[in-house]
Amino acid sequence: MRTGVLLAVLLLGVVPAWAGQQRGRPAADFVLPDGAGQTVRLSSLRGTVVVIDFWASWCEPCMRELPELDRLQKEFAGKVVVLPVSIDKERSEALATARRLRLGLRVLLDTDGRVVALYDPPRMPTSYVVDRQGVVRYMHEGFDGPRDIARLRRELEELTR
């Protein structure tokens, strides 16, 4: 947590609006292009559980997490949509990484940094689990491996019942 946010929480007892996306609040809507040039609007996925994952080609934990998210997308097909949002400035780097990892996921491109600035993830990767009503129910910072995937699977099972 940033020092300014921490001070606001401690002194005022509130999380300021500029602190980025928070759990328990509606997920900030966005529109981003995918690798094929089609656009995705988060709000159009209302009624479906969504995992928004911010990643970058230079992020080693991201490279381990993305294939796991790809497997979860297949496991929860029809119930969950995983939206991997690349924060790479170069579209080609993000797409080359997705090809190298053989991802079946629809990779979204935030080359101008608008959406990552809106969500303000504390580190890479960071995932936001959004329920069917569009509220962020869970947030995950970083990626430590199988335990993180097991926890995410339990959360998705809960939200898709």
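None of the figures in this text is laboratory data; all of them are computed from the coordinates on show. Note that the structure is predicted; figures quoted are calculated from it, not measured. FYI the Cβ positions are ideal-geometry reconstructions off the backbone, even for glycines, and counts take in every protein chain you see.
For a quick check of your reading of the model, give me the residue pairs whose first member lies in region 134-161 and is closer than 13 Å to P61 by Cβ and free of Cβ contacts under 8 Å to residues at least 40 places away in the same chain, whose second is among the basic types (K, R) and loosely packed, with under 15 Cβ neighbours inside 10 Å, with beta-carbon atoms closer than 9 Å and at least 6 apart or on different chains.
From region 134-161, the pairs are H140/R151; E141/R123.
Would you be able to say whether some residue in region 136-156 is of a type in the set (V, I, T), touching a Phe, Trp or Tyr at 6+ places or on another chain (Cβ under 6 Å) and within 23 Å of Q21 (Cβ to Cβ)?
Yes - at least one qualifying residue is present in region 136-156.
Examine region 101-118 for a residue that is outside any strand (DSSP E or B), among the aliphatic types (A, V, I, L, M), surrounded by fewer than 16 Cβ atoms within 10 Å (Cβ to Cβ) and touching a residue at least 40 places away in the same chain (Cβ under 8 Å), and state whether such a residue exists.
So far as region 101-118 goes, yes, one or more of its residues are outside any strand (DSSP E or B), among the aliphatic types (A, V, I, L, M), surrounded by fewer than 16 Cβ atoms within 10 Å (Cβ to Cβ) and touching a residue at least 40 places away in the same chain (Cβ under 8 Å).
Can you tell me which residue is farthest from R147 (Cα to Cα) among those in region 35-94 that are of a type in the set (D, E) and in a helix (DSSP H, G or I)?
That would be E93.
From T97, T126, grab the single residue that is in contact with a His (Cβ under 9 Å, 6 or more places away or on another chain) and touching a residue at least 12 places away in the same chain (Cβ under 8 Å).
Residue meeting the stated conditions: T126.
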